[in-house]
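What follows is a set of notes on a single structure, which appears directly below.
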Amino acid sequence: MGIKFNRSQTFATNGTVTAAALHNLVDGLDVYQSLIRDQTSLTAVATDDKILIDDASLSSGVAPRQTTVLNLFDDALTGGTYTNANLTGVLSLGTVTGNRSISTGAEITNGTITNGTIPNLTAGTTISTLGTITNLSSGTTNSTSVIATSGTIGTLSATGGTFGGALTSTAGTIATLNSTTGTIGNFTTTLTGDLTISTGSATVGTRVAVLNTAQQYSRAHNFAATALTITSSTVPWDLSQNQVATLAVTTSATMNAPSNQQAGATYLLIATQRTSSSAVLGWNANYKWPNATAPTLSVGSGNTDIFTFVSNGTSLFGVASQNYA
């Protein structure tokens, strides 16, 4: 064991120590490092463990004051300023109040920001529950998914980059969505009302049909034919399913009154006679014909008749092109 005290007094062997000499011995004691180094080490420090502090406000002759580890960190860390504090590993926080500034180069791997404000964020997946993201920028491709459940995304900009993932706003608000020279892969929205452009104009691609604008199609557009079925010698025709229908006349039947017709719409029915003995096709009174005379279905085996109708919203006015062999 190293020297713990500086013994400045000397005494004769088996001599008598006077009170004054003992007093001088105590006054000359010095505490050396070995007094601390030779002690048993603590494996864990509790918040109520006590340590000695040299109180700078007191004179040099006063003994050190005791305090707990908890008081040390509460007082010293709260009131102090630490210029170069480097922390490694996991930093766990209890309740944090007030404003906290994080390094501009900080990385949040799996964190959740509930009600915070992020001025500028470049990220892979960004989730804002109730917070506000002021600016979310993407240079090349930085955002996989941006989700705002009920929060607000102020400005989402892709200047020359690509947002390859998904932009989802469940109940939140996206104030401005800008794509100057970038690409938005898929933009999907479910509207409860109308999409209104109050100022400016909207430009749509060649694959979008606009209801109130005259357009010329550069590729073929057609209706896929819907096959009608004879049920209990009658033929129902729901015009909302398609504007072109086919019917294989396998037995004599009557066309029911058509449903869901639209005034001004054109409808086609392509009927083919069976290959055995000829079947008959009758017509409901909602089908109107020239001279009030309904056509008779061609009787040739496998022959086809084409009936063309125009609706006034109540009746179908038709003409027949028949006997295609």
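The values are calculated or read from the model by the stated rules, or taken from the named source; none is laboratory data. This structure is a prediction, so every number in the text was calculated from the model and none was measured. Because the Cβ atoms are built from the backbone with ideal geometry, glycine has one as well, and the counts that use them run over all protein chains shown.
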Fill in: Qualifying residue in segment 233-244 (condition: among the small types (G, A, S), over 48 Å from the mean Cα position of the chain (by Cα) and loosely packed, with under 12 Cβ neighbours inside 10 Å)
yes
Worksheet item: Within segment 223-238, how many residues are part of a loop (DSSP other than H, G, I, E, B) and free of Cβ contacts under 8 Å to residues at least 12 places away in the same chain?
Response: 2
Worksheet item: Do we have L268 as surrounded by 15 or more Cβ atoms within 10 Å (Cβ to Cβ), in the same structural domain as T231 (by TED's automatic domain parsing), among the hydrophobic types (A, V, I, L, M, F, W, C) and within 19 Å of D238 (Cβ to Cβ) here?
Response: yes
